[in-house]
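The values are calculated or read from the model by the stated rules, or taken from the named source; none is laboratory data. If you're wondering where the values come from, they're calculated on a predicted model, not measured in any experiment. When we count neighbours, we look across all protein chains shown, and the Cβ atoms used for this are built from the backbone with ideal geometry, even at glycine.
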Amino acid sequence: MSAIDSKKLILNHYEKSIQYIESLKRVSDDCWLTPIEENKWSVCEIVGHLVPWDNFVLENRLPYLLNLKQELESPNVKELNQIAALESRNITKDEGIKKFRLTRIKLVNEITKVPASQFNREMNIGTSILTITEYFKGLIEHDLHHFQQIDEFLNKCNKY
């Protein structure tokens, strides 16, 4: 896949993800707040945890891709997810969806600024070496995994 096609694919996913999360406005508050399974997050927490990851990409990955920053920082995954889950439980559904939308739009705008030629560039993250495209495809898979969880849960939740 060409670098231009990779960039288009990534941007298309992020734009569609905004529409997907916006569609969750129709979800009842009960389904929004109920854990999808025992000892799992609720839809609200799943959506809420995507926001700090987008912020992490904005603050700690894109500056590297635009050569504004040379070192890649690794996140504290557990801490980032715990804080996001807590914060998402303390805001309304509309606030959570709006927060996601605004952050994701900012991410789309910043990805748009990355030259297509950068998408085949390799970067080191810890012991991994991967292209920018591979990195974003991993993030897309993460989104899609959670969207599938949400869809499966809502199919069950709406049957009650």
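Scoring Glu141 on the criteria (1) more than 14 Å from Leu9 (Cα to Cα); (2) at pLDDT 95 or above leaves a single failure, condition (1). Of the residues in segment 65-88, at least one is over 30 Å from Thr127 (Cα atoms) and touching a residue at least 40 places away in the same chain (Cβ under 8 Å).
If you check Ile18, Ile10, Ile4 for being buried (at least 20 other Cβ atoms within 10 Å of the Cβ) and either under 21 Å from Lys106 (Cα atoms) or without any contact (Cβ under 8 Å) to a residue 60 or more places away in the chain (or both), only one passes: Ile10. When segment 112-160 is filtered for residues that are in a helix (DSSP H, G or I) and hydrophobic (A, V, I, L, M, F, W, C), the ones remaining, listed by number, are Ala116, Phe119, Ile132, Phe136, Leu139, Ile140, Leu144, Phe147, Ile150, Phe153, Leu154, Cys157.
Matching residues to (1) part of a helix (DSSP H, G or I); (2) modelled with pLDDT of 90 or more; (3) touching a helix residue (DSSP H, G or I) at 6+ places or on another chain (Cβ under 6 Å); (4) among the small types (Gly, Ala, Ser):
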residue	(1), (2), (3), (4)
Met1	no, no, no, no
Glu22	yes, yes, no, no
Val47	yes, yes, yes, no
Val51	yes, yes, yes, no
Pro63	yes, no, no, no
Leu68	no, no, no, no
Gln82	yes, no, no, no
Asp94	yes, yes, no, no
Leu102	yes, yes, no, no
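Selection of segment 107-160 for residues being over 16 Å from Trp53 (Cβ atoms), among the polar types (S, T, N, Q) and touching a residue at least 40 places away in the same chain (Cβ under 8 Å) yields Thr112, Ser117, Gln118, Asn120, Asn124, Thr133, Asn158.
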